[in-house]
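Chemist: Shown below is the structure under consideration.
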Amino acid sequence: GDSVFASTRSQILVMNPDGKILNEWGPFEDNSLITSVTANRRFVAFADAGNKTVFILDKGGDVKKMIGQNDRHFVIPSPYFEVALDSINNLFVANTGLHRIETYSIDGVLKSFFGEPGTAPENFCGCCAPPHFALIPQGFVTAEKGINRIKILNKKGEFVEFVNSKNRFIKSVPLNLASVDGVTIYAAYPGDSKLYVFNRK
């Protein structure tokens, strides 16, 4: 809608499109390190790498579900922990220590997952992968570290093509990703504080 959701280490900020802060939610847990926040029409979700937990909230900021708190399912070796909601309330989570992207229902039930460690195009390389990903109409665009590359996967998690695999980016500094159509890929690189734009043909 017309709301923007952002985060600090421990709080979710609700803003209007002009950047005015309308509300602040949290802190939710001690030792929080919020690394990703996502929203659709009904829900907001965020990943807390400090507590290895994903929180699902309603649009009023009330916690509806917490995933990972009791079973310690998420293996998060470093502060890369990404989440994304789609329009039909599927929640996608990067379980980086297991090198896979997992799909959950809004009630926290694990529905499916894909991904294996390795350097082959279809695998995720690095100690914690994928550090960043974004949903696109075709499936996913993902980033990696160790081999700093960006690639397209279909909705089943199968490799489609590289967006970028030969570059001078620092291997251990992955790019954060965004795309609306899966054709134009935006990649923010912390190494030089620049935004790179890739156009797939």
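Chemist: Segment 1-50: which trypsin sites (Lys or Arg not before Pro) are DSSP loop and have at most 10 other beta-carbon atoms within 10 angstrom? Write out the running numbers ahead of the final one.
Modeler: Working: sites: 9, 20, 41, 42; in loops: 9, 20, 41, 42.
Those that pass, being in a loop and sparsely packed, are 20, 41.
Chemist: Take residue 10 and residue 107, extend 7 Å from each Cα along the Cα→Cβ direction, and tell me the distance between the two endpoints in nm.
Modeler: According to this spin-label approximation, the distance is 3.4 nm.
Chemist: Further question: State the percent of C-alpha pairs, over all pairs in segment 18-154, separated by a distance greater than 23 angstrom.
Modeler: Values: 2947 of 9316 pairs.
Every Cα pair in segment 18-154 considered, those over 23 Å come to 32 percent.
Chemist: Considering only protein heavy atoms and a 1.4 Å probe, what is the carbon-and-sulfur percentage of the accessible area of segment 1-64?
Modeler: Working: 1380 of 3370 Å².
Its accessible area is 41 percent carbon and sulfur atoms.
Chemist: Let me ask something else. Can you tally the net charge around residue 106? Count Lys and Arg as +1, Asp and Glu as -1, for every other residue whose Cβ sits under 15 Å from the Cβ of residue 106.
Modeler: On the way: positive: 41, 42, 59, 64, 65, 111; negative: 58, 62, 86, 102, 107.
With Lys, Arg at +1 and Asp, Glu at -1, the net is +1.
Chemist: Now a separate question. Using the Cα centre as the reference, give the magnitude of the dipole from point charges on the C-beta atoms of the chain (Lys, Arg: +1; Asp, Glu: -1; all else neutral), rounded to the nearest 20 debye.
Modeler: Details: 22 positive and 20 negative charges, 113 e Å.
Dipole size: approximately 540 debye.
Chemist: First select every other residue whose beta carbon is under 12 angstrom from the beta carbon of residue 117; then total the charges, Lys and Arg +1, Asp and Glu -1.
Modeler: Values: positive: 100; negative: 116, 122, 144.
Here the count lands on -2.
Chemist: Given 50, 134, 8, which one lies farthest toward the positive end of the charge dipole of the chain, if we put +1 on the Cβ of every Lys and Arg and -1 on the Cβ of every Asp and Glu?
Modeler: With unit charges placed on the Cβ atoms, the residue in question is 134.
Chemist: Now for a different question. Using all C-alpha to C-alpha distances in segment 104-201, build P(r) with 10 Å bins and read off the rounded percent in each one.
Modeler: Histogram of Cα-Cα distances, whole percents per bin: 16, 50, 29, 6, 0.
Chemist: Return the lysines within reach of residue 145: Cα separation strictly under 19 angstrom, same-chain partners fewer than 8 residues apart disregarded; answer none if there are no such residues.
Modeler: Straight-distance partners of residue 145: 166, 171, 194.
Chemist: Could I ask something else about it? Assuming 1.306 mPa s and 10 °C, estimate D for segment 20-95 with Stokes-Einstein, Rh taken as the Kirkwood radius over Cα pairs, in µm²/s. List each step's numbers first, then the result.
Modeler: Working: Rh = 12.7 Å.
Calculated translational D: 125 µm²/s.
Chemist: A further question on this structure: Could you give the length gained on full extension between residue 116 and residue 88, defined as 0.36 nm per residue of separation minus the Cα-Cα distance, in nm? Walk me through the intermediate numbers first.
Modeler: On the way: separation 28, 0.36 × 28 = 10.08 nm, distance 2.62 nm.
Contour length minus Cα-Cα distance gives 7.5 nm.
Chemist: If you take every residue apart from residue 11 with its C-beta less than 12 Å away from the C-beta of residue 11, what net charge results, scoring Lys and Arg +1 and Asp and Glu -1?
Modeler: Numbers: positive: 9; negative: 24, 29, 48.
After counting each charged neighbour, the total is -2.
The values are calculated or read from the model by the stated rules, or taken from the named source; none is laboratory data. Keep in mind that what you see is a predicted model, and the values were worked out from it rather than measured. Virtual Cβ from ideal backbone geometry, glycine too; neighbours counted across all protein chains shown. Areas reflect the complete protein model, heavy atoms only, side chains present, ligands, DNA and RNA absent. Shrake-Rupley method; radii C 1.70, N 1.55, O 1.52, S 1.80 Å.
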